[in-house]
Amino acid sequence: MAGLSKGFIKKRLFIAVFSLFICFQLTIFVLMHFTDILPSRAEFFACAAAFVFAVAFVLLRLWSGDFDKRSLFVAGGLFLAAVSDVFLVVLFQTLNHNELYLCFGVSFFVLAQLCYAAFIHGGFMFKHTRLFKADLIIRGSLTAFMLVLTAIINGLVLKQNMYLMLISIVYASQLCTNIVFAAIKISLSLKSKRNPPSRTNSEFSRMLLFLSGLVLLLLCDIFLCCGFFGAKFPINFEWLFYLPSMTVLTCACTLGIRYKGSGIR
């Protein structure tokens, strides 16, 4: 009974922290998009909060006796995304519109995507070496092809900041590759017959949640790209998709926790 009581308390604490996170993010989202109370750059703090809560979820997993090192990659990616937002939202928009800030910001987003790739393949790459090799080949080939194509188009037509264009293409290539292999991972988890049903369902739900976050991030980037080339929209679609994407990616740290000694999951 003592073990059950301890596990019960841990689970309740986790639910409380998770509920606080969702309420905080939802409040910022509503205030940002449906009122004039907060300025647009205030959403940066909500994105930074995603990293803080992700770390809290990792620590709670450690305390629960079910430490998951894969969650560290999500927390690391969210940290890098928060650093990127410092350059893109705070420095670029507040101090001056120096494109160097944009370059640094996108570079940190590339590193964040590599962290997400590690999450996707964590505990999986050695069991399915062909999948990991396919990832490396496709990721490298797509990035190289898009870099060459972008350099040619930018040099002949666009004539924008070359480094910014190239690093943006590297980022887009990493994001699209992550989406593809997250979907493949979901497909493999559904087809798995050897794992216990609860473990399979947990992995499926977790990766589905993670894939949803990446797709929301892709939608954010599509509208951001359209705006960069002069498209006008009635609302700020970039932020509309960005904050939910950070929230959903953070929630991927929470699924499948086992509460040691309690039988609670």
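Summary of computed values
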read-out	value
Residue exposure sequence - Ser205, Ser187 - by fewest surrounding Cβ within 10 Å	Ser187, Ser205
Note, ³J(HN,Hα) from phi for region 104-112, Karplus 6.51, -1.76, 1.60, rounded to Hz, x at Gly and Pro	5, x, 5, 4, 5, 5, 4, 4, 4
Region 178-185 - phi-based ³J(HN,Hα) in whole Hz, Karplus 6.51/-1.76/1.60, Gly and Pro as x	4, 5, 4, 7, 5, 5, 5, 4
For Thr250, Thr27, order by how many other beta-carbon atoms lie within 10 Å, fewest first	Thr27, Thr250
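Just so you know, all these numbers are worked out from the coordinates, no wet-lab data involved. Since this is a predicted model, take the numbers as computed values, not measurements. Please note: Cβ atoms are built from the backbone with ideal geometry, for glycine as well, and neighbour counts cover all protein chains shown.
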